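The values are calculated or read from the model by the stated rules, or taken from the named source; none is laboratory data. As the structure is a prediction and not an experimental result, all values here were calculated from the model. Counting neighbours? That spans all protein chains shown, and the Cβs are built from the backbone with ideal geometry, glycine included.
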Amino acid sequence: MSGTATPCLVAGERVGLRSFTYEDGAEFTAHARRSTAHHHPWLFPPLTDKDYAVYAQRLIDDPAKAGFLVCERPGGRIAGFINVNNIVEGAFLSGTLGYGAFAHAIGRGLMGEGLRLLLTHAFASTGLGLHRLEANIQPGNAASIALVRAAGFRLEGYSPDFLYIDGAWRDHERWAITREMTGRGSPTS
């Protein structure tokens, strides 16, 4: 698989997280194309090499973003992705999540493990050093809500007309988790 030489930043029993690389484009877009029926109408990852290059560049070059591939162990096959966007430092220490599983990984628990690994990395002082993560999810996306609920996120609110997706402004539920909720203590501990 492409990108298998790139080491995992954090690894679990069945998956590891690693950073996006430009070399992952062919594998990522092939999985994305096979997953369009699963993703629609919630998510629209890049389907072409050109679109992937633009997408990856934003994740690699923008300090307010951190992108991670969820890769199966062993072998490195990409199962999905989790991005931390809108990273704000200082007193806020927060970011918002975007994520998706590819069709071959659905129902196998790989994204749940990947999200738990992401929380470990995001809240660690040696990782992103964040205090809070938020996920904004359309109310009808039961799989996404189940994923964050199982990871310990709490429902904090409802945002009408929050994001422009699939040709319309969509309502979203706001789910969030803090470092303290995971038992990791405060950012200064």
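The number of residues in the stretch 97-121 that are more than 14 Å from GLY16 (Cα to Cα) and out of contact with any His (no Cβ under 9 Å at 6 or more places or on another chain) comes to 5. When the stretch 38-48 is filtered for residues that are free of Cβ contacts under 8 Å to residues at least 40 places away in the same chain and exposed (fewer than 14 other Cβ atoms within 10 Å of the Cβ), only THR48 remains. Just one residue in the set GLY100, GLY107 is under 28 Å from ILE177 (Cα atoms) and without any contact (Cβ under 8 Å) to a residue 12 or more places away in the chain; that residue is GLY107. Of the residues examined, ALA66 is one that is in contact with a Gly (Cβ under 8 Å, 6 or more places away or on another chain), surrounded by 14 or more Cβ atoms within 10 Å (Cβ to Cβ) and not charged (D, E, K, R). When the stretch 57-95 is filtered for residues that are more than 18 Å from GLU23 (Cα to Cα) and of a type in the set (Lys, Arg), the ones remaining, listed by number, are LYS65, ARG73. When ASP62 is tested against the conditions (1) free of Cβ contacts under 8 Å to residues at least 24 places away in the same chain; (2) out of contact with any helix residue (DSSP H, G or I) (no Cβ under 6 Å at 6 or more places or on another chain); (3) within 28 Å of ALA142 (Cα to Cα), the lone failure is (3).
When the stretch 8-37 is filtered for residues that are surrounded by fewer than 14 Cβ atoms within 10 Å (Cβ to Cβ) and aliphatic (A, V, I, L, M), the ones remaining, listed by number, are ALA26, ALA37.
Scanning the stretch 79-105 for residues that are modelled with pLDDT of 95 or more, farther than 14 Å from LYS65 by Cα and either of a type in the set (Phe, Trp, Tyr) or not in a helix (DSSP H, G or I) (or both) turns up ALA79, GLY80, GLY100, ALA101, PHE102.
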